[in-house]
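This report concerns only the one structure given below.
Computed from the coordinates by the stated procedures, all read-outs in this text should not be read as laboratory data. These figures come from a predicted structure and were not determined experimentally. No Cβ is skipped: glycine too gets one built from the backbone with ideal geometry, and neighbour counts run over all protein chains shown.
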Amino acid sequence: MSGEWAVRRFWKTAEAVEAPGGFAIALDGRHVRTPAKAALIAPTRAMAEAIAAEWAAQDGAIDPGKMPMTRAANSAIDKVIPHFNVVVDEIAGYGATDLLCYRAEAPAALIARQADAWDPLVFWVAAVLKAPLNVTSGVIPVGQPGPSLARLRATVAATPPFPLTALHDLVALSGSLVLGLAVAQGHLSPDAAWDLSRLDDDWQIDHWGEDEEAAAATGRKHRAYLDAFRFHQLATGAD
């Protein structure tokens, strides 16, 4: 989730300052606003300082691609807060077709690799979040227990807007609500979760290779995933 804007550097200093509701980013004393013209107020000083550092590092034309914390904060304010329930539904929807619930029908080695890697997370979501999920082989959709989906949605809905913005990307980039929640709750490191989400792709690469374009796209998604984790840490004060 991101917001875009076009501007050239006009400030000498960028710093985090206390403001009503949290911490603002001041450029030569003038507070930064989002693309929708709302005040950019971060919930933690650490996040505000990280955003200020991104602004301080800009030179000439602003490059939003080098400002992931700023873009995520803009999204939290301009998109997630005013459309909170819509975002919750989008994230929670991944639980109905979670990546970890769809296993290969062959070969046996891949089936075993998926079971070894993914079963512990399926057990975790059942034991910790009280949301047991059905696992199937192949691509034909399998129904999930209504109470489990309701509990997963309640967990997502209990997430404040700034961490929810990060959770959105952790889930969307991996294709798994279970992995996203495991990272957000500290059960998995982001690198471990990313590797688990790539299990099928890595199997194919091991056997058939990977072209440069696909590798570059994967690298960009991985960086975005790590950025989402960092934003979550900054939002929750864990960084």
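How large is log10 I(q)/I(0) at q = 0.16, 0.23, 0.25, 0.30 Å⁻¹ when the Debye formula is applied to the Cα atoms of region 75-135, each weighted equally and without solvent?
For region 75-135 at q = 0.16, 0.23, 0.25, 0.30 Å⁻¹, log10 I(q)/I(0) is -0.66, -0.92, -0.99, -1.17.
For region 194-239, just say rounded, prolate or oblate: build the C-alpha gyration tensor, square-root its eigenvalues into a ≥ b ≥ c, call rounded for a/c under 1.5, and beyond that prolate if a/b exceeds b/c, oblate if not. If you can, show how the numbers build up before the last one.
Values: a/c = 6.14, a/b = 2.39, b/c = 2.57.
It comes out oblate by the Cα gyration axes.
May I ask you to give the average projected area over all directions of the convex hull of the Cα atoms of region 128-218, in nm² rounded to one decimal? Write down the numbers at each step before the final one.
Working: hull surface 29.5 nm².
One quarter of the hull surface, i.e. the mean projection, equals 7.4 nm².
Can you give the net charge of the other residues whose Cβ lies under 14 Å from the Cβ of residue 139, counting K and R as +1 and D and E as -1?
On the way: positive: 103; negative: 98, 105, 200.
Cβ neighbours under 14 Å give a net charge of -2.
Considering only DSSP beta bridges where both residues belong to the chain, give the percentage that are antiparallel (nearest 5).
Values: 12 of 14 bridges.
Roughly 85 percent of the DSSP beta bridges within the chain come out antiparallel.
Can you give me the three principal axis dimensions of region 84-236 from its C-alpha atoms, in Å, biggest first?
On the principal axes, region 84-236 reaches 42, 33, 24 Å in Cα extent.
Which value, in debye to the nearest 20, describes the size of the charge dipole of region 14-80 about its Cα centre when Lys and Arg Cβ atoms bear +1, Asp and Glu Cβ atoms bear -1, and nothing else is charged?
Values: 7 positive and 8 negative charges, 57 e Å.
Dipole size: approximately 280 debye.
Which loop-located chymotrypsin sites (Phe, Trp or Tyr not before Pro) does region 1-81 contain, where loop means any DSSP state but H, G, I, E or B and the Cβ has at most 10 other Cβ atoms within 10 Å? If you can, show how the numbers build up before the last one.
Details: sites: 5, 10, 11, 23, 55; in loops: 5, 10, 11.
Listed in order of number, the matching sites are 10.
Could you work out [θ]222 nm for the chain from helices alone, using -39500 (n - 2.57) per DSSP H run of at least four and dividing by all its residues? Round to the nearest 500 deg cm²/dmol.
-16500 deg cm²/dmol
Fewest to most neighbouring Cβ within 10 Å: what's the order for 77, 62, 111?
On the way: 77 23, 62 18, 111 14.
Arranged by neighbour count, lowest to highest, 77, 62, 111 become 111, 62, 77.
Take 176, 137 and order them by how many other Cβ atoms sit within 10 Å, fewest up front.
Working: 176 25, 137 13.
Going from least to most buried by this count: 137, 176.
Would you mind listing how long region 56-95 runs along its three principal axes, going by Cα atoms, in whole Å with the largest first?
So the extents along the principal axes, rounded to whole Å, are 41, 20, 12.
Starting from 0 in steps of 10 Å, tell me what percent of the Cα-Cα pairs of region 2-122 lands in each bin.
12, 32, 19, 16, 14, 5, 0
Tally Lys and Arg at +1 and Asp and Glu at -1 over the other residues with C-beta under 13 Å from the C-beta of residue 124: what net charge comes out?
Values: positive: 130; negative: 98, 119.
Residues near residue 124 contribute -1 overall.
Report the charge-dipole magnitude of the chain in Debye, nearest 20, computed about the Cα centre from +1 at each Lys and Arg Cβ and -1 at each Asp and Glu Cβ. Could you put the intermediate results ahead of the total?
On the way: 20 positive and 28 negative charges, 200 e Å.
I would put it at about 960 debye.
Find how many whole Å separate the alpha carbon centroid of region 101-134 from the alpha carbon centroid of region 224-239.
26
Could you list, in their original order, any pairs among 12/221; 37/66; 79/130; 37/221; 12/37 whose Cα atoms are separated by more than 26 Å? Write out the running numbers ahead of the final one.
Details: 12/221 32 Å; 37/66 21 Å; 79/130 30 Å; 37/221 29 Å; 12/37 22 Å.
Flagged as over cut-off: 12/221; 79/130; 37/221.
Add +1 for every Lys or Arg and -1 for every Asp or Glu among the other residues with Cβ under 12 Å from the Cβ of residue 221, and state the total. The partial results should precede the final answer.
On the way: positive: 198, 220, 223; negative: 169, 201, 227.
Local net charge: 0.
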